[in-house]
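Remarks on the structure that follows.
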Amino acid sequence: MISRRQTLSLLGAMAAALALPSIRPVRAAAATTFRIGWQKNGVLALANRKGSLEKRLSDRGISVEWSEFTSGPPLLEALGAGALDFGATGDVPPLFAQAANGNLLYVGQYKGSPEGSAILVRKDSPIQTLSDLKGKKVAFKRGSSAHNVTVKALRKGGLTVDDIQALDLAPPDASAAFKTGAIDAWSIWDPYLAIAEADPDTRILATARGIVDSFSYFLANGDFTKDNPQVIVDVIDELAKVGTAAQANLDDTVAALAAITGVSADITRVTLTRPDFDLGGVSTISDDAITYQQGLADEFYGLGIVPKKLAIADIVWRPKAS
């Protein structure tokens, strides 16, 4: 189970979201700084530690500023409002940001392992199948990728969100509730999943394998991207290089991410060696990703989760051919 120390290390960045007014607002066209919203995981975390983007952008006279967040929704709120230039999230937060008319664009993508997201129950829980979740207290962060996993996992079990007691809890609150038995199930992603999974009293009810594709996205402020397209090109390219190098040397990568997150090396290795996980799989937006995201947007609108119909292609950016 997540310890107090691990929770503070992983999630203490909530203060960053509360401190948004201190982040400088929208700027003029010519960039002299590149403001990144990040979470303590993945390629962005490794690039932060190595100073890779600082080195890549220094020849352009651009410095890099980092603001830490615990989840995608507040990060994208800042991005869409012009308080950030770039950040990464899962699949659901961009839908809410677009519905709120945030000024942002999809500029890149990567895919994780479907085993990196799961619904957890206690080992001694009577819940044995997804259909057994009917009437149970199930926690997930509304507007996060776990929201999507929950909706589609319930459907696989012949249920809808209306059939459960859905609780909107951030990972630290959900972790505490799960540990004390205040909730019956918890939908969560790595590294929180891997930490909880290591507890022998925890059981995986279902992973996202066969339920949800594991697309995640890099997004950028629309005005920044329009005014500085080559910066976005350089950043996506550099992140792909960082990820490829990290994937080729997992021992060093495990040690680096463990130091960044405060999560043990053993747990970190679990997250990095899940099936189909590839840190180097960073690219600009593919047609498959657009199709997936549009399907998700349509589904969430139909369920009344997203307040209006969305056209994902309207906010997809691709670099112009040189």
Carbon and sulfur atoms account, in whole percent of the 1.4 Å probe accessible area of the chain, for 51
Point-to-point label distance, LYS308-THR129, nm (Cα→Cβ direction, 7 Å offset)
4.2
Diffing the stretch 272-285: the Karplus 3J(HN,Hα) column from phi (6.51, -1.76, 1.60, θ = phi - 60°), in whole Hz with x for Gly and Pro, holds 7, 10, 5, x, 6, 6, 8, 4, x, x, 9, 7, 6, 6
Can you pull out the trypsin sites (Lys or Arg not before Pro) in the stretch 105-143 that DSSP calls coil and that have at most 11 other Cβ atoms within 10 Å?
LYS123
Which of the trypsin sites (Lys or Arg not before Pro) found in the stretch 224-322 are loop residues per DSSP with 12 or fewer other Cβ atoms within 10 Å of their Cβ?
LYS308, LYS309, LYS320
How far apart, in nm, are two points set 7 Å out from the Cα along the Cα-to-Cβ line at ALA265 and at SER286?
3.3
Evaluated at q = 0.16, 0.23, 0.26, 0.29 Å⁻¹: base-10 log I(q)/I(0), Debye formula over Cα of the stretch 146-193:
-0.45, -0.88, -1.05, -1.18
With every protein chain left in place, what is the accessible area of ASP173 in Å² (1.4 Å probe, nearest 10)?
90
With +1 on each Lys and Arg Cβ and -1 on each Asp and Glu Cβ, and nothing else charged, work out how big the dipole of the stretch 48-157 is about its Cα centre, in Debye to the nearest 20.
560
For the chain, what is the percent of antiparallel DSSP beta bridges, rounded to the nearest 5?
60
The stretch 46-193: radius of gyration and largest Cα-Cα distance (Dmax), Å:
18.1, 60
Taking only the C-alpha atoms, wrap a convex hull around the stretch 252-322 and report its volume per residue in Å³ as a whole number.
174
How big is the charge dipole of the chain about its Cα centre, in debye rounded to the nearest 20, if each Lys and Arg gets +1 on its Cβ and each Asp and Glu gets -1 on its Cβ?
340
Just to make sure I understand: if all protein chains stay in place, what is the order of ILE36, ILE211 by accessible area at 1.4 Å, largest first?
ILE211, ILE36
Rounded to whole Hz, the Karplus (6.51, -1.76, 1.60) HN-Hα couplings of the stretch 234-241, x for glycine and proline
5, 5, 4, 4, 5, 5, 5, 5
Past the 27 Å Cα-Cα mark, which pairs from LYS50/LYS320; LYS241/LYS320; LYS141/LYS226?
LYS50/LYS320; LYS141/LYS226
Give me the Å³ per residue figure for the convex hull around the C-alpha atoms of the chain.
123
Calculate I(q)/I(0) for the stretch 170-322 by the Debye formula, one identical point scatterer on each C-alpha and no solvent, and give its log10 at q = 0.09, 0.10 Å⁻¹ to two decimals.
-0.42, -0.52
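The values are calculated or read from the model by the stated rules, or taken from the named source; none is laboratory data. For clarity, every value in this text was computed on a predicted model and none was experimentally measured. Don't worry about glycine lacking a Cβ; one is built from the backbone with ideal geometry, like all the others, and counts go over all protein chains shown. SASA here: full protein model, heavy atoms, side chains in, ligands and nucleic acids out. Shrake-Rupley method; radii C 1.70, N 1.55, O 1.52, S 1.80 Å.
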